[in-house]
Amino acid sequence: MSKTAITAAPIMPVLAERWSPRSYDSSYVVSQHDMLSILEAARWAPSANNGQPWRYSVATKGTPLFDTVVEGLSGFNAAWAPSASAIIVVSIVATNADGSANKSAPLDAGLSISQLITQAHELGLHAHVIGGVLHDVLHKNLELADNLQVLVALTIGKLAPATELEGPAYEREIAPRTRLELDEIVLHGKP
């Protein structure tokens, strides 16, 4: 299935073709080399003062950690996400060395996640960010340090036909990609 973005100006193909499926090939095993490539792309993201506040808990299918992470997914995410080859839980270092809030950490982690997703797509894989997680459950189950805060999880895997999904998940899978128009999001300095 292709969901190439319709854009007002050309963008890189890896960005135009990237989308977030829910239907994954449950038999596909992501290679260690591909996972390393994906994580390297994330590692080299920009961050405020080079703080690199992102932390990744990587759970690959078939491991006890994968099952532990699935326990921390909420809603209908727990139904489709286990078909992915890996689930990565993204946490941030929530405080600075002086104890103050690390206010740029969520943005920095978002930049890192974006590079991770783009690299996955470049490798012929797909990723889907999941906001519907049980933050406290994941924090406890992953035995994260007190200064870490769980943000999101994301799935990585090979695309499978949408027909492997049912109900609302299927409907969302076959729906066209949409975005707000530039006029709706660019408030000043419009082209």
- Note on the structure: Along the stretch 18-34, Karplus-curve 3J(HN,Hα) (6.51, -1.76, 1.60; θ = phi - 60°) to the nearest Hz, with x for Gly and Pro, reads 6, 8, 10, x, 10, 9, 10, 6, 5, 8, 6, 10, 5, 6, 4, 5, 5
- Message: For the chain, what does the helix formula give at 222 nm: sum of -39500 (n - 2.57) over DSSP H segments with n ≥ 4, over the residue count, nearest 500 deg cm²/dmol?
- Response: -9000 deg cm²/dmol
- Note on the structure: If each K or R counts +1 and each D or E counts -1, the residues other than LYS140 whose Cβ falls under 12 Å of its Cβ total -4
- Cα gyration tensor shape of the stretch 1-111, rounded if a/c is under 1.5, else prolate or oblate by comparing a/b with b/c: oblate
- Placing each pseudo-label 7 Å from Cα in the direction of the beta carbon, GLU17 and ARG179 end up separated by a distance in nanometres of 1.7
- Based on other C-beta atoms within 10 Å, arrange ASP108, ASP183 from fewest to most. ASP183, ASP108
- Between the alpha carbon centres of the stretch 47-100 and the stretch 1-32 the gap in Å comes to 21
- Task: Could you tally the net charge around SER83, taking each other residue with its Cβ under 13 Å from the Cβ of SER83, Lys/Arg +1 and Asp/Glu -1?
- Result: -1
- Task: Provide the packing ranking of 38-45, 114-121, i.e. peptides ordered by the mean count of other C-beta atoms within 10 Å per residue, highest first.
- Result: 114-121, 38-45
- Whose amide H sits under 5 Å from the amide H of ALA5, counting only residues 5 or more places off or on another chain, with H placed in the peptide plane? GLU17
- Which net charge results when you count Lys and Arg as +1 and Asp and Glu as -1 among the other residues whose beta-carbon is under 13 Å from that of ALA16? +2
- Note on the structure: Long-range amide H partners of TYR24, meaning residues 5 or more apart or on another chain whose placed amide H is closer than 5 Å, are ALA160
- In what sequence, highest mean first, do 132-141, 170-179 appear when ranked by Cβ atoms within 10 angstrom? 132-141, 170-179
- Estimated vicinal HN-Hα couplings, Hz - the stretch 117-125 in sequence order (Karplus 6.51, -1.76, 1.60; Gly, Pro = x): 5, 5, 5, 4, 5, 4, 8, x, 9
- Item | Lysine pairs with alpha-carbon atoms under 28 Å apart, the chain, spacing 8 or more or separate chains | 6
- Simple label model, 7 Å out from Cα along Cβ direction - GLU143 to ASP98, nm: 3.4
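Every number here is computed from the coordinates shown, using simple stated rules; none is lab data. Since we're looking at a predicted model, the values are computed, not measured. Note that we place each Cβ from the backbone using ideal geometry, even for glycine, and neighbour counts take in every protein chain shown.
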